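I am attaching a structure below and will ask some questions about it afterwards.
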Amino acid sequence: MAFTRDPVRMSGILRGSGLTAQCMMTALRVTLAGTRLCKDCQLSIEWISKPLPEGNYSLTFEDKTIQMHYSQGAWKAIAV
């Protein structure tokens with residue numbers, strides 16, 4: 001089956017430790033040809049509206065929510 005890969009930029013909301021911040025992120029959107037099935041891969045947070053302390057956060061974007069961990073200046077998705 002064929003698929004396409006497109007870089008996308010989107011806004012999101014980070015929530016955790018009683019804090020909320022807007023963010024801009026990029027992802028690689030992989031879509032199965034001829035369908036509306038897609039998956040966002042290689043998520044990268046590019047900008048955050050305010051500094052956040054290290055810890056666990058939920059990232060909400062386009063009606064999806066994933067768990068993220070922020071440590072030593074880097075964001076990583078938490079496997080669930």
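Would you mind computing, in nm to one decimal, how far apart the modelled labels at residue 54 and residue 37 are, each placed 7 Å from Cα along Cα→Cβ?
Between residue 54 and residue 37, the simple spin-label model gives 4.0 nm.
Only one of the listed values, (1) 13.8; (2) 13.4; (3) 18.2, was derived from the coordinates as Kirkwood radius over Cα pairs in Å; which label is it?
For Kirkwood radius over Cα pairs in Å, the calculated option is (2).
Here's a follow-up. What ranking of 3, 61 emerges when the number of other C-beta atoms within 10 Å of each C-beta is taken as an exposure proxy, fewest first?
3, 61
Any read-out appearing in this document is the output of simple, stated calculations on the displayed coordinates, not a laboratory observation. Please read all numbers here as calculations on a predicted model, not as lab measurements. Quick reminder, even Gly has a Cβ in these numbers, built from the backbone with ideal geometry, and neighbours come from all protein chains shown.
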